[in-house]
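S.K.: Take this structure, written in structure tokens, and hold onto it; I'll ask about it next.
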Amino acid sequence: MADKIKKVVLAYSGGLDTSVIIPWLKEHYDGCEVIAVCADVGQGDELNAVHDKALKSGASKVYIEDLKEEFLKEYVWPTLKAGAVYEDKYLLGTSFARPIIAKKLVEIAKKEGADAIAHGATGKGNDQVRFELTVKALAPNITLIAPWREWDLDSRSAEIEYAKKHGIPIATENKTYSMDRNIWHLSHEGSDLEDPANAPHNSMYLISKAPEDAPDKPEYVTIDFEQLTFGELRKFVELTADREDDEFVCVNDNDGVPDGFMAYVDAETIDVVPTDETSER
């Protein structure tokens, strides 16, 4: 099958695994073209050097796709609304980001006319299944390549040696843990965490603080809703079309306003309040 693969779309993160996969694919699939696709689901500054690193590793083209808003609206919010918790105790973070990444891989593979999609999931968890089931659902005839099921690079040190041999830029610092980060979460695995008896080190708190390092006073967050719903906006337009500027109109909950609320509309604003506050108007 290797001689049939001419162009591969790779799920690329910029880490050691996927950087090594680029030359490995070209070496083992008869010099195929490799297009790197990095999905931005909120990793933050981890993406700063991804583009150049992918090209230096041998990719012919690099896509960095901003999927943050779609990820939140179409994946995170529905998960929260459903109260989806794995085995009633494990909050989702990594798993529900994989389908949107796979979906984008398929989209770009079709656009580029690619023969195959590759990923760097190791098989230690469920990511191979998450990526591949999504790809097969959307593009059942495309070839899937999972190097961790094929190659003999069975350790981080072996990957580092391969990277040095092929002139692939790698991080000089020793990263103790394997991390997965998106706009919703950050998770760590590996090293001393493999023993559940070990507590995490405080250095792992990259987007929060250890309890003992947190301030002793609470911080309050106030949330405002600036965008009207379609029903509220429609009713606002209807009511302001044929009236005096100083007229004040009360709209009941049958006019597009959520149940239990009343909408007060004047010439410039719409104010939606609980019905028990209407007596104050």
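Any read-out appearing in this document is the output of simple, stated calculations on the displayed coordinates, not a laboratory observation. Treat the numbers as computed from the prediction; the structure is a model and nothing was measured. FYI the Cβ positions are ideal-geometry reconstructions off the backbone, even for glycines, and counts take in every protein chain you see.
S.K.: Between Tyr86 and Leu55, what is the spin-label point distance in nm, taking each point 7 Å from the Cα along the Cα→C-beta axis?
M.R.: A separation of 3.7 nm, rounded to one decimal place.
S.K.: Restricting to Cα atoms and excluding each atom paired with itself, what does the Kirkwood estimate give for the range 84-126 in Å?
M.R.: The answer is 12.4 Å.
S.K.: With Kirkwood's inverse mean 1/r over C-alpha pairs for Rh, give me the Rg to Rh ratio of the range 2-207, two decimals please.
M.R.: Dividing the radius of gyration by the Kirkwood radius yields 0.95.
S.K.: Related question: Mind checking which lysines have their Cα closer than 19 Å to the Cα of Lys217? Skip sequence neighbours fewer than 8 apart in that chain.
M.R.: Output for Lys217: Lys209.
S.K.: Which of the peptides 90-103, 29-42 is most tightly packed, and how do the rest follow, going by the mean number of other Cβ atoms within 10 Å of each residue?
M.R.: Per-residue mean Cβ counts within 10 Å order the peptides as 29-42, 90-103.
S.K.: With θ taken as phi - 60° and the coefficients 6.51, -1.76 and 1.60, list the Karplus ³J(HN,Hα) couplings across the range 58-64 in order, rounded to whole Hz; mark glycine and proline as x.
M.R.: Result, rounded to whole Hz: x, 5, 7, 7, 10, 10, 10.
S.K.: Among the listed pairs Lys73/Lys164; Lys68/Lys124; Lys53/Lys81; Lys124/Lys164; Lys4/Lys68, which are separated by more than 31 Å between their Cα atoms?
M.R.: Cα-Cα > 31 Å for Lys73/Lys164; Lys53/Lys81; Lys4/Lys68; rest within.
S.K.: Tell me the label-point distance for the pair Asn141, His166, using the 7 Å Cα-to-Cβ offset, in nm and rounded to one decimal.
M.R.: Output for this residue pair reads 3.0 nm.
S.K.: Now for a different question. Which order do the peptides 67-74, 192-199 come out in when sorted by mean C-beta neighbours inside 10 angstrom, highest first?
M.R.: Going by the mean number of other Cβ atoms within 10 Å, highest first, we get 67-74, 192-199.
S.K.: Can you bin the range 115-203 into rounded, prolate or oblate? Criterion: square roots of the alpha carbon gyration tensor eigenvalues sorted a ≥ b ≥ c, rounded for a/c under 1.5, prolate for a/b above b/c, oblate for the rest.
M.R.: Oblate is the answer for the range 115-203, as a/c is 1.5 or above yet b/c matches or exceeds a/b.
S.K.: Using r as the Cβ-Cβ distance of Lys110 and Asp216, and R0 as 45 Å, what FRET efficiency do you calculate, to the nearest 0.05?
M.R.: For R0 = 45 Å, the calculated efficiency reads 0.25.
S.K.: Could you tell me which of His188, Ile108, Leu72 has its Cα farthest along the dipole of the range 2-207 towards the positive end, charges placed at Cβ (Lys, Arg +1; Asp, Glu -1), taken about the Cα centre?
M.R.: Ile108
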